[in-house]
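What follows draws every value from the coordinates through simple rules; no lab data is involved. Fair warning: this is a prediction, and the values are worked out from it, not measured in the lab. As a convention, Cβ positions derive from the backbone with ideal geometry for all residues, glycine included, and neighbour counts pool all protein chains shown.
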């Protein structure tokens, strides 16, 4: 099959790309991640992916623009539902490109992560597939987590410490305030 694979970052592409290619699939990558913040992080993840893709002979489709505003429009004042909006944005873009490019299916490296919400990704992927008339290829790539980590470290790839959005960055690096006003000045 010809598959468009949404890719969030280079390290997350390692295992899914190997599995799909070993299955005889032709894979084209899509870097569409309006959630990634700040811009320097976005550029770093894209550069790592492009280097990896070059080594693997993987074609990457991407926009020239940094589409942060699209993510913000969908999540501001709906922070608790941000993952739903984020998955929807990225999988919808993959489905549109799959439809336009006459791919046989679309998938995402989000399915590689132990930290992502697989049931939600599958539901949104299947709903998006129905709208665009291109099948969503659900594969649970989590079995390859350790392999992807090992290979990415061997290759000296930059490995991010949060999913990419400003909210996850805050959760990762900013400790929650103490209760009862402790620590206030």
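List of remarks:
- For region 2-174: rounded, prolate or oblate by the Cα gyration tensor [a/c cutoff 1.5]: rounded
- Whole-Å semi-axes of region 13-67's equivalent ellipsoid (Cα gyration tensor): 23, 11, 10
- Entry note, the chain: the mean residue ellipticity at 222 nm calculated from DSSP H runs of n ≥ 4, each adding -39500 (n - 2.57), is -15500 deg cm²/dmol after division by the residues and rounding to the nearest 500.
- Extension gain from residue 178 to residue 69, taking 0.36 nm per residue of separation minus the Cα-Cα distance: 36.0 nm
- Paired Rg and Dmax values of region 60-135, which use every Cα atom, in angstrom: 12.7, 36
- Segments 81-89, 16-24 sorted - mean Cβ within 10 Å per residue, highest first: 81-89, 16-24
- The protection proxy used here, the mean number of other Cβ atoms lying within 10 Å of each residue, ranks peptides 146-154, 46-54, 3-11 as follows, highest first: 3-11, 46-54, 146-154.
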